[in-house]
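Below is one structure, written out as C-alpha cells; comments come after it.
The values are calculated or read from the model by the stated rules, or taken from the named source; none is laboratory data. Everything numeric here is computed off the predicted structure, so don't read it as measured data. Reconstructed Cβ throughout: ideal geometry from the backbone, glycine too, with neighbour counts over all protein chains shown. Remember, those area values only see protein heavy atoms, side chains included, never the ligands or the DNA or RNA. Shrake-Rupley method; radii C 1.70, N 1.55, O 1.52, S 1.80 Å.
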Amino acid sequence: AGAAWLGTATPQEALALRAAGDTGRLLCWLWTPGGPWREAIEAEIDVTASAGWALREIRAAARAAGRTARVQLKVDTGLGRNGCAPGDWPALVAAAREAEAEGSVRVTGLWSHFACADEPGHPSIAAQEAVFRDALATAARAGLDPEVRHLANSPATLTLPSSHYDLVRTGVAVYGLSPSPEVGLPGAFGLRPAMTLRASLASVKRVPGGHGVSYGHSYRTPGETTLALVPAGYADGVPRHASGSGPVLVAGKWRTVAGRVAMDQFVVDLGGDTAAEGDPVVLFGPGSDGEPTAEDWARAVGTIGYEIVTRIGARVPRVHLDRAAAVSPG
C-alpha cells in the first residue's frame, strides 16, 4: 500500500514476514538477551539496540555471520519504557561508531517514542522533542550518519508535523482508528476503520422465561424468548469483560451479550425477533452499515479501541479485501 518500511515489535514477527516472502525494509525493536540476532542480521532486518548489552550481542552475531548488521539505536526521551537512558546515550553512540569502524555494524536509524502525543499540548511532548534533538546532536558529534530518524507514533503523525523527521510509525491509525478522542474522530483525519469482525450463528432456540444463560447464570431470560449462539469467545479475543455489555448486530438490531462470554462462544437474547443458524453477526466494523465499532466495544469494556482490534486471536480466519478493486467498475 505504499509503505516504505514495516515495523514489528519482536524479531520473530519480522522473521515470519521474511519467511513469507516480504523483501522490503523491516525494523524490529523488542529484544531480550540471547535473541535471534544472527538470524535477523542474515535476513537483513534492522535490529534495535537500546542498551550496551544489545549492541555487544549484535556485534558478536554480526562477526559470527560474517555480515554487517543494520542497527537502529533507540533513546528513551521520556516514555520510561524501552530505550537508552539519556545519561547512557553518549556511551552507546560511541560504541556504535566503534562498531561501524570495525565493519560489524551500520547504524541505519535513531529513534524514540512519545508518551502523551495522544493528548495534544501535553508538556511532555515538547520536552521529548527537545531530548530527541539533543540525542541526534550527540550522535552526530560521535560521527554517526543514519539513514533515518523517527519519533512520531500515530497521534504525532496526525497532529505534530515537527516530529515527522524521515519516517512515521503508524500503529492504531493503520486500523483506521483514532488514537484518542482528544486527537479527534477518525473521519477528521480521513481514516476509516479497516477491520470487521463477523461470525455466523451456530444455534438458535426458543427457551422459557427464567432460563439461565451461560456460566453462573448471571443472566436469566425475562420471558419466553429466542437465544442465538455466536461461536466466538475469549480464546478468540472477545473480552470476557464484555459479558452483559458487548454490542453485536444480529437480526437487524444491536443486541448485547447475554450472560458471560465463554472461551469459544457467547449468547445473544433476540427477544421476539427471529433468526436462523448461519445468519450473519457483526461484532464490530466501520459503523457505516449500523454495526457497532471497535470504539463501541472499547467503551463497553473500559479499554481502548486499539486493544479490541489487536486482541483478535490467530484462530479467527482473516480475509483481506482490496477496497479499491472491490468498488471498481466490472
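Given the options 303, 274, name the one that is of a type outside the set (Asp, Glu), surrounded by 14 or more Cβ atoms within 10 Å (Cβ to Cβ) and out of contact with any Leu (no Cβ under 7 Å at 6 or more places or on another chain).
Numbers: 274 fails: surrounded by 14 or more Cβ atoms within 10 Å (Cβ to Cβ).
When all the criteria are applied, what remains is 303.
Can you confirm whether the range 304-319 contains a residue that is among the aromatic types (Phe, Trp, Tyr) and more than 20 Å from the chain's Cα centre (by Cα)?
No.
Search the range 130-159 for residues being assigned to a strand (DSSP E or B) and more than 19 Å from the chain's Cα centre (by Cα), and hand back the single one that is surrounded by the fewest Cβ atoms within 10 Å (Cβ to Cβ).
In this case the residue turns out to be 148.
(1) in contact with a helix residue (DSSP H, G or I) (Cβ under 6 Å, 6 or more places away or on another chain); (2) of a type in the set (A, V, I, L, M); (3) open to solvent by less than 20 Å² (accessible area, probe 1.4 Å): which one isn't true of residue 54, the others all being true?
Going through (1) in contact with a helix residue (DSSP H, G or I) (Cβ under 6 Å, 6 or more places away or on another chain); (2) of a type in the set (A, V, I, L, M); (3) open to solvent by less than 20 Å² (accessible area, probe 1.4 Å) one by one, residue 54 breaks only (1).
Consider the range 268-281. How many of its residues are touching a Ser or Thr at 6+ places or on another chain (Cβ under 6 Å) and either closer than 14 Å to residue 220 by Cα or at pLDDT below 95 (or both)?
3
If I filter the range 189-208 down to residues being of a type outside the set (A, V, I, L, M, F, W, C) and under 21 Å from residue 251 (Cα atoms), which single residue comes out as least open to solvent (accessible area, probe 1.4 Å)?
203
I need every pair where a residue in the range 6-32 that is among the small types (Gly, Ala, Ser) has its Cβ under 9 Å from the Cβ of a residue that is open to solvent by less than 60 Å² (accessible area, probe 1.4 Å) and assigned to a helix (DSSP H, G or I), sequence separation at least 6 or different chains.
7/14; 14/40; 24/17
Do any residues in the range 54-78 that are in contact (Cβ under 8 Å) with a residue 40 or more places away in the chain and more than 16 Å from residue 109 (Cβ to Cβ) have Cβ atoms under 6 Å from those of residues that are in a helix (DSSP H, G or I) and of a type in the set (S, T, N, Q), where the two are at least six apart or on different chains, and which pairs are they?
78/124; 78/128
Within the range 160-169, track down each residue that is hydroxyl-bearing (Ser, Thr, Tyr) and surrounded by 18 or more Cβ atoms within 10 Å (Cβ to Cβ).
Result: 163, single match.
How many residues does the range 57-82 contain that are surrounded by 15 or more Cβ atoms within 10 Å (Cβ to Cβ), small (Gly, Ala, Ser) and closer than 21 Å to residue 39 by Cβ?
4
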